[in-house]
Amino acid sequence: MRFGIVGNIRKPAIREVTENLIGYLTLKKIPFVIHQELGQWFNESGAGLTVDKIFMVSETEIIKQCDMLISLGGDGTMLTAARIVSPHGIPILGVNLGKLGFLAEISIDEINDCIDDITSGNYLIEERLTIMATAHSDTNKYFALNDIVIDRGSSSRVIDIETYVDGDYLATYVADGIILSTPTGSTAYSLATGGPIVVPGSDVLTINPISPHTLSARPVIVPHRCIIRVKIPASHPPVHITIDGQEEKFYDTPAEFSIQMAPFKVKLVKRKGRTYFDLLRTKLMWVKDVRKEKQ
């Protein structure tokens, strides 16, 4: 088992966490490689140890040289890691250095124990559905673990969004935009706009209009094998597509996009003895009783 390490160098705890992780892997004689951006920054950060250049690799090489990727950061770092390694079937272990952290599996204090569990085979791999968007005006393909959002961009006006499922007309939403989300992404932007929480193992996609200009418009859940087509007529300014809140592009209208299941899934490393419902209760503070706090 050889680990790859990537991380968000803007996180305040990244130096200490990287130092502890590298020190523990070295102590246990577990092979690893580290993304060169993180490795170079770490060596210049004044940490108590340095990483030899032979362990620093490019994004292309980290795919070839690791069996499992450790992501140090928040959910954004996890989404970036997923784009790098998931098409190649490499599982990802997320260490949460951020705030909410629905994707990152473990806290800083759990790293060493989790490494021990993994090297002894005491862990689970959970596969997550991903989606792919294609624009009809070019050859670009966009892949998302959370969601694909098509919105009005820099315009202050709502847009007309013709929506089809497997060729059947669903609705024309007059709205700020539309969110096409996976079960994983149900706790991201979609949740903030009133969408449902969908358990990750569910083979479905959610269609969720953003601030629709009608009270009757509600999120729609469709089978994961459906092809969703979104059309924006020519009367609108350029529309904006965003992939997992990270990649983005503007398209002139008329614009048309197809969204469907991607040909690969993201593999996430999970510790045994934990459930998705444990995560929801913790992250959404469902176990917190504000009445008792006021006493």
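The values are calculated or read from the model by the stated rules, or taken from the named source; none is laboratory data. Owing to the predicted nature of the structure, the values given are computational and were not obtained by experimental measurement. Every residue, glycine among them, receives a Cβ derived from its backbone with ideal geometry; neighbour counts consider all protein chains shown.
Among the conditions (1) more than 19 Å from T187 (Cα to Cα); (2) within 13 Å of the chain's Cα centre (by Cα), D109 misses just one, which is (2). Taken across segment 22-30, residues that are at pLDDT 95 or above and under 23 Å from the mean Cα position of the chain (by Cα) do not occur at all.
For segment 209-257, which strands (runs of 3 or more DSSP E) that fit wholly inside it have 1 or more residues that are farther than 15 Å from I161 by Cβ? Walk me through how you get there before you give the answer.
On the way: elements: 220-223, 228-232, 239-243, 247-251.
Hits in segment 209-257: 220-223, 239-243, 247-251.
Among the strands (runs of 3 or more DSSP E) confined to segment 124-208, there are none with at least 2 residues that are without any contact (Cβ under 8 Å) to a residue 24 or more places away in the chain and of a type in the set (S, T, N, Q). Filter segment 125-153 for residues that are aromatic (F, W, Y) and within 30 Å of R271 (Cβ to Cβ) and give the result. Selection gives F143 alone.
I'd like to know if segment 219-234 contains one or more residues that are over 13 Å from N146 (Cα atoms), touching a helix residue (DSSP H, G or I) at 6+ places or on another chain (Cβ under 9 Å) and at pLDDT 95 or above. Scanning segment 219-234 turns up at least one residue that is over 13 Å from N146 (Cα atoms), touching a helix residue (DSSP H, G or I) at 6+ places or on another chain (Cβ under 9 Å) and at pLDDT 95 or above. Taken over segment 111-123, the residue count meeting the criterion of being surrounded by 15 or more Cβ atoms within 10 Å (Cβ to Cβ) and either without any contact (Cβ under 8 Å) to a residue 24 or more places away in the chain or aliphatic (A, V, I, L, M) (or both) is 3. Screening the candidates G74, G89, G48, G23 for the property of being farther than 22 Å from G121 by Cβ, assigned by TED's automatic domain parsing to the domain that holds D113 and in contact with a Lys or Arg (Cβ under 8 Å, 6 or more places away or on another chain) yields one hit, G74.
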